[in-house]
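Below: one structure, written as structure tokens.
Values in this text are rule-based calculations from the coordinates and carry no lab data. Predicted, not measured: the structure shown is a model, and the values here were computed from it. All Cβ positions, glycine included, derive from the backbone under ideal geometry; neighbour counts span all protein chains shown.
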């Protein structure tokens, strides 16, 4: 690992692009001091069917497609390495995959399913490197178990009224008011927020870079 180059080296000819509008992912990258630009992917998640494939493979595929959409829109600069981060988080409960709820009724349905049970949060992560006409795609996933306490109808209604669940996979954000519902987690907390930082750092290391 000693031969890794720091991504924060002022002489580094790299540009890091985050293919996500998620403020939570942006905050996690800012927390580790990474300089990056946001270029939101226009990839339509609904164009990939989740039936018949393992959930982790589905999440990884979505992450790659998001990063690929941004990569195709980048005008490469000679001598500059573009490092494009894609990510997608899903929640698996009772054998089904949960993305973001379509509306409040859908959020209520999801929260009722999560009540008093364990759910699996999976984030697919992709890192695309582009330099001088060469492209490398790396991807991985992280999985975390989250245990919810039993929720009352009152708690679910109050939580939905905050609007917080409406743009979250599985209709909850562990870093927000839903932290009141979580009894225990097994695995990476940052994965549940939306970006497993340690898993991402391994992809950067495979490309020859340290995030520190």
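Would you confirm whether or not the stretch 199-210 contains a residue that is under 16 Å from the mean Cα position of the chain (by Cα), within 17 Å of residue 101 (Cα to Cα) and touching a residue at least 12 places away in the same chain (Cβ under 8 Å)?
no
What do you reckon, is residue 62 more than 30 Å from residue 118 (Cα to Cα), in contact with a helix residue (DSSP H, G or I) (Cβ under 9 Å, 6 or more places away or on another chain) and either in contact (Cβ under 8 Å) with a residue 60 or more places away in the chain or surrounded by 15 or more Cβ atoms within 10 Å (Cβ to Cβ) (or both)?
Numbers: more than 30 Å from residue 118 (Cα to Cα): no; in contact with a helix residue (DSSP H, G or I) (Cβ under 9 Å, 6 or more places away or on another chain): yes; either in contact (Cβ under 8 Å) with a residue 60 or more places away in the chain or surrounded by 15 or more Cβ atoms within 10 Å (Cβ to Cβ) (or both): yes.
The answer is no for residue 62.
Are any residues in the stretch 175-203 in contact with a strand residue (DSSP E or B) (Cβ under 8 Å, 6 or more places away or on another chain) and crowded, with 22+ Cβ neighbours inside 10 Å, and if so, which ones?
Answer for the stretch 175-203, where residues must be in contact with a strand residue (DSSP E or B) (Cβ under 8 Å, 6 or more places away or on another chain) and crowded, with 22+ Cβ neighbours inside 10 Å: 191, 192, 194, 195, 196, 200.
Residue by residue, here is whether (1) in contact with a helix residue (DSSP H, G or I) (Cβ under 7 Å, 6 or more places away or on another chain); (2) assigned to a loop (DSSP other than H, G, I, E, B); (3) surrounded by 15 or more Cβ atoms within 10 Å (Cβ to Cβ) holds:
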residue	(1), (2), (3)
10	no, yes, no
16	no, no, yes
28	yes, no, yes
33	no, yes, no
43	yes, yes, yes
46	no, no, no
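Residue by residue through the stretch 1-35, note down the ones that are closer than 17 Å to residue 207 by Cα and touching a strand residue (DSSP E or B) at 6+ places or on another chain (Cβ under 6 Å).
Listed by number, the residues that qualify are 4, 5, 6, 7, 14, 15, 16, 17, 18.
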